[in-house]
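Computed from the coordinates by the stated procedures, all read-outs in this text should not be read as laboratory data. None of the values given here were measured: they were computed from a predicted structure.
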Amino acid sequence: MRVHTPERPSWDCLACGHLWPCDPAREELKADHDLVQLAIYMWDRLEEAVRDLPPTPATEMFERFLKWTR
Ligand SMILES: [Zn+2]
């Protein structure tokens, strides 16, 4: 069971309060998915976050949600 999950609509981590995905969340997600599954999962989360969060530069969202999955 994952502990470091996002609170919505803030997208802060429920466990540690950092921006989600925090470092422990990234480790949990990497452990639970292969790279393709992880990219698809995080792309879906990114789309949800874009709807929830105030306008945020695309590069910032990409680095937060997808860049680390590669
Ligand atoms: Zn966390």
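Quick one: what are the phi-derived ³J(HN,Hα) couplings along the stretch 32-48, Karplus 6.51/-1.76/1.60 with θ = phi - 60°, whole Hz, x for glycine and proline?
Karplus values, whole Hz, x for Gly and Pro: 8, 9, 7, 5, 5, 4, 5, 5, 5, 4, 6, 5, 4, 5, 4, 5, 5.
Any chance you could run the full-extension gain for ALA15 through GLU27? It's 0.36 nm times the residue separation minus the Cα-Cα distance, nm to one decimal.
Values: separation 12, 0.36 × 12 = 4.32 nm, distance 1.40 nm.
Stretched out fully, the ALA15 to GLU27 stretch lengthens by 2.9 nm.
Which residues' amide hydrogens lie under 5 Å from the amide hydrogen of ASP12, considering only partners 5 or more residues apart or on another chain, with H built in the peptide plane?
The list, which skips near neighbours in sequence, is GLU7, TRP20.
Find the all-direction average of the projected area of the Cα convex hull for the stretch 22-69, expressing the result in square nanometres with one decimal place. If you can, show how the numbers build up before the last one.
Numbers: hull surface 12.7 nm².
Mean projected area of the Cα convex hull: 3.2 nm².
If you average the sequence gap of Cα pairs under 8 Å that are 6 or more apart and divide by the length of the chain, what percent do you get for the contact order? Show your work: numbers first, answer last.
Working: 64 pairs, mean separation 19.9, N = 70.
Normalised by residue count, the contact order of the chain is 28 percent.
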